[in-house]
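Enquirer: One structure is given below, represented as structure tokens, and several questions about it will come after.
The values are calculated or read from the model by the stated rules, or taken from the named source; none is laboratory data. Worth saying up front: this structure is predicted, and the values here are computed from it rather than measured. As a convention, Cβ positions derive from the backbone with ideal geometry for all residues, glycine included, and neighbour counts pool all protein chains shown. Just so you know, the surface numbers come from the protein's heavy atoms only, side chains and all, with ligands and any DNA or RNA stripped out. Shrake-Rupley method; radii C 1.70, N 1.55, O 1.52, S 1.80 Å.
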Amino acid sequence: MNYTQTLREFCKQNQGHIFDVQYEQNHRFSLVPYKTLLKILNRLVEEDIVSSISKGVYIINSDEELNIDNAIKEYYIDYFSGMMIGKALYNYYDIGDQDEDSIEVYTNKIISNNKTIGKYHLIKFDTHFCDEVVRLVTALELIEKVSTIKDINYIRYNEEIESGVKSYTNEIFKELITNHRYKYSTIATLDEMLQRFSIENNALSIYKENYINAF
């Protein structure tokens, strides 16, 4: 196999998109040794086919104007790949009005625990971000970080928490809590809300099974 030609053809078909070396080598180009993949990309940088935007992360150049923000969101968030958290989440749901000096993202498309690309701070979270998962994660994030939200709109805050709580299933919760640790106080509050809405659950026992030494 001609690795360089294969990668060159891939770039032609994906202009304007992100190429995360670790993720792509792990998922699409596993036959190409990591160091070989880096050497090829360095060659493609010299040919102006790709541009480096962070360590191990490239954007594939295009004849059209590049939008790096959109490319990052498409790669790491869209197609059930992730979700924004923190200030970006509060602003999106009109829960708080805060300056987004940085944007935090949970994503299943990084191999390391975290990665920074410009203003984007990516945090590894291995789950399929379908609507139900996003709603429940949103509720957990809001419960855990309520004290950090400035100018909080409690009506919108409570609406989004209620939506997330009503999306709860033991199966979804177990997957989330296995891949990301929340504080016990957060899960205790979730349990109280589930009881309030008469939603049967094993949230506390699932949490304890995963973090038996947390108490």
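Enquirer: Filtering segment 10-27 down to residues that are in contact with a Leu (Cβ under 8 Å, 6 or more places away or on another chain) and touching a residue at least 40 places away in the same chain (Cβ under 8 Å), which residue is most open to solvent (accessible area, probe 1.4 Å)?
Expert: Only one residue tops the list, namely G16.
Enquirer: Can you report the number of residues in segment 180-207 which are within 25 Å of the chain's Cα centre (by Cα) and either without any contact (Cβ under 8 Å) to a residue 12 or more places away in the chain or open to solvent by 60 Å² or more (accessible area, probe 1.4 Å) (or both)?
Expert: Looking only at that region, the number is 4.
Enquirer: Give the number of residues within segment 126-144 that are open to solvent by 50 Å² or more (accessible area, probe 1.4 Å) and in a loop (DSSP other than H, G, I, E, B). I'd like the intermediate steps shown before the answer.
Expert: Start the filter on segment 126-144 by keeping residues that are open to solvent by 50 Å² or more (accessible area, probe 1.4 Å), which leaves 126, 128, 131-132, 135.
From the residues that got through so far, the ones that are in a loop (DSSP other than H, G, I, E, B) too are 126, 128.
Selection size over segment 126-144: 2.
Enquirer: Now, a different point. Output the residue which, of all residues in segment 157-166 that are crowded, with 19+ Cβ neighbours inside 10 Å and not aromatic (F, W, Y), is nearest to G82 (Cα to Cα). So that I can check it myself, show each step before the final result.
Expert: Applying the first criterion (crowded, with 19+ Cβ neighbours inside 10 Å) to segment 157-166 yields 157, 160-161, 164-165.
From the residues that got through so far, the ones that are not aromatic (F, W, Y) too are 160-161, 164-165.
Working: E160: 18, I161: 19, G164: 16, V165: 19 Å.
Here the residue is G164.
Enquirer: Taking only segment 81-118 into account, find how many residues are without any contact (Cβ under 8 Å) to a residue 40 or more places away in the chain and aromatic (F, W, Y).
Expert: Kept after step one, since they are without any contact (Cβ under 8 Å) to a residue 40 or more places away in the chain, are these residues of segment 81-118: 84, 87-88, 91-92, 99-105, 107-108, 113-114.
Right, trim to aromatic (F, W, Y) and you get 92.
Result for segment 81-118: 1.
Enquirer: Here are some residues: Y154, Y76, Y120. Which one is exposed (fewer than 15 other Cβ atoms within 10 Å of the Cβ) and either in contact with a Ser or Thr (Cβ under 6 Å, 6 or more places away or on another chain) or of a type in the set (F, W, Y) (or both)? Don't jump to the end; show me each part of the working.
Expert: On the way: Y76 fails: exposed (fewer than 15 other Cβ atoms within 10 Å of the Cβ); Y120 fails: exposed (fewer than 15 other Cβ atoms within 10 Å of the Cβ).
Just one listed residue meets the conditions, Y154.
Enquirer: To continue, here is another question. Scan segment 32-58 and report the pairs whose first residue is in contact (Cβ under 8 Å) with a residue 60 or more places away in the chain and whose second residue is of a type outside the set (S, T, Y), with Cβ atoms within less than 6 Å and a gap of 6+ or a chain change.
Expert: The qualifying pairs are I53/I59; S54/I117; V57/D20; V57/I117.
Enquirer: Now a separate question. Are any residues in segment 155-207 among the small types (G, A, S), closer than 25 Å to G96 by Cβ and in a helix (DSSP H, G or I), and if so, which ones? Walk me through it before giving the result.
Expert: Restricting attention to segment 155-207, the residues satisfying the condition of being among the small types (G, A, S) are 163-164, 167, 185, 188, 198, 203, 205.
Pick out the ones that are also closer than 25 Å to G96 by Cβ and you get 163-164, 167, 185, 188.
Selection gives S163, G164, S185, A188.
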